[in-house]
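For reference, the structure is listed below as structure tokens.
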Amino acid sequence: MPQHSGSIRRKERYSVDIGDLHSLCESNYVRLLRVFPAYEKANTTELAAGHLVLVLEVTERTRYTTLLRVTQRGQHGIPAMDLDVRLYHDASMAEIVAFQRHRHLQGRYAYPNPNMYQRDEKIQQNRYLAELLELCLAQGRLNGEVSSWVEHDH
């Protein structure tokens, strides 16, 4: 057996599980439609779940996609956090395309890197969106000050 004394062992290269990412994006699409069902007619809605306040705003509509800005309002001196989420209606998927104004996320990153992204940054951000939406679905309610802006079907 060869001995490797003094040598540094290299970490395995991170490989994106595309099926896992697609499944997560499909689930987030369904969650977003449940949280903001009036997105085609209304431009904004605000949800509260405990101390969490989420504002969902349509920033762009095209034939096959919708771009939403999801803002988690900051509290007690914590700044707001922005996620830009593109809904792909033909594929029934929703994917984060910008996080705190950082755009063009790659599927994987070398680590360390200049922005200090995690190796699996893209999937982590989409999981974070899933957690926010699940919290809203479980405990959320429309905030009274904005609920009048949302059109309801009768």
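Applying the set (1) assigned to a loop (DSSP other than H, G, I, E, B); (2) over 17 Å from HIS22 (Cα atoms); (3) modelled with pLDDT under 90 to LEU105 leaves exactly one unmet item: (2). Scanning segment 37-93 for residues that are in a loop (DSSP other than H, G, I, E, B) and acidic (Asp, Glu), we see that the one that is surrounded by the fewest Cβ atoms within 10 Å (Cβ to Cβ) is ASP90. Restricting segment 17-36 to residues that are charged (D, E, K, R) and in a helix (DSSP H, G or I) leaves a set whose member that is surrounded by the most Cβ atoms within 10 Å (Cβ to Cβ) is ARG31.
The values are calculated or read from the model by the stated rules, or taken from the named source; none is laboratory data. Computed from a predicted structure; not experimentally measured. Ideal geometry is used to build each Cβ from the backbone, glycine not excepted, and the neighbour counts take in all protein chains shown.
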